[in-house]
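The values are calculated or read from the model by the stated rules, or taken from the named source; none is laboratory data. Small disclaimer: the values here were computed from a predicted structure and weren't measured. Cβ placement follows ideal geometry from the backbone for every residue including glycine, while neighbour counts extend to all protein chains displayed. When the accessible area is computed, the model is the full protein with side chains, heavy atoms only, and any ligands, DNA or RNA have been set aside. Shrake-Rupley method; radii C 1.70, N 1.55, O 1.52, S 1.80 Å.
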Amino acid sequence: MPLENLNGLHYTAAEKTNVIASMTSMENSLTAKFKNLTPEERTKYGSVNEQNKLLINKVKDFRNSQPAMSSPDVDWMEFQNDCDSREFLQNTIMRLEALLGNLKNNKTLHDYDCYHAALTDYDYSKYKAGSKAAGFEVKVKELAQFFPRTSSTKLTDEPA
């Protein structure tokens, strides 16, 4: 009796090669600009909360619509570059998080399928070992290590 296969969609060698090449290309494109922050730096710089993001966007809007009202003490070219980079990174992170979620879901289904196939094979091996088929006793002993037995009764030195 065949098992229910939760995810019968498998990746071809060409698809795997394409994904690996794409990831390598993405890593090569991004890595040079990565900064490794220490825990202290992460605390010091923190993250911009939603209220502060609104402030940034409002200042950007004023800069774009009424540049004469912008502070001469701000490097506006750098500000715009930071805004553009931040938007690019945020969009990339969102896409990667969505992709990661889908990858984890697919892996979960394949893990489930593999695990249940392994259980079926273990049960079959126990059956064959019980019928004294050659080689199955060793296989069952090897697989049995993944199914530790626990005692349901406790032995104690104290009288009942």
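Using only side-chain charges placed at the Cβ, +1 for Lys and Arg and -1 for Asp and Glu, the dipole size of region 1-129 relative to its Cα centre rounds to 80 debye. Full extension of the chain segment joining Asp84 with Ala13 gains 21.9 nm, where the gain is 0.36 nm per residue of separation less the Cα-Cα distance.
For the chain, the fraction of 1.4 Å probe accessible surface lying on carbon and sulfur atoms is 58 percent. Each label point was placed 7 Å from the Cα along the Cα-to-Cβ direction; for Thr43 and Met94 their separation is 3.2 nm. Charged side chains reduced to their Cβ positions (Lys and Arg at +1, Asp and Glu at -1) give region 59-118 a dipole of some 260 debye around its Cα centre.
When the chain is described by a simple charge dipole with +1 on each Lys and Arg Cβ and -1 on each Asp and Glu Cβ, the residue from Ala144, Gln90, Asn7 located farthest towards its positive end is Ala144.
Hydrodynamic estimate: the Kirkwood radius of region 71-151 over Cα pairs, inserted into Stokes-Einstein at 20 °C and 1.002 mPa s, corresponds to D of 120 µm²/s. Under a 1.4 Å probe, what is the accessible area of the chain per residue, stated in Å²? Accessible surface, normalised per residue, equals 90 Å². Only one residue of Gly101, His116, Gln80 has its Cα farthest out toward the positive end of the dipole of the chain, where Lys and Arg carry +1 and Asp and Glu -1 on Cβ, and that residue is His116. Across region 4-10, coupling constants 3J(HN,Hα) worked out from phi with the 6.51/-1.76/1.60 Karplus curve, θ = phi - 60°, read 5, 9, 6, 9, x, 8, 10 Hz, and Gly and Pro carry x.
All Cα-Cα separations within region 30-102 were binned at 5 Å from zero, giving a P(r) of 3, 11, 16, 21, 21, 14, 8, 3, 1, 0, each value a whole percent of the pairs. Here the relative contact order of the chain, from alpha carbon pairs under 8 Å that lie six or more residues apart, stands at 30 percent. Placing dummy labels 7 Å off each Cα toward the beta-carbon, the span from Ala134 to Lys53 is 6.7 nm.
Each Lys and Arg Cβ is given +1 and each Asp and Glu Cβ -1; about its Cα centre, region 41-84 then shows a dipole of about 200 debye. Coupling constants for region 124-131 follow from the phi torsions by the Karplus curve (6.51 cos²θ - 1.76 cosθ + 1.60, θ = phi - 60°), and in residue order they are 4, 5, 5, 4, 5, 5, x, 9 Hz; glycine and proline get x. Label separation (His116 vs Lys104): 2.2 nm, computed from points 7 Å beyond Cα along the C-beta direction. The eigenvalues of the Cα gyration tensor, multiplied by 5 and square-rooted, give the chain an equivalent ellipsoid with semi-axes of 58, 25, 15 Å from largest to smallest.
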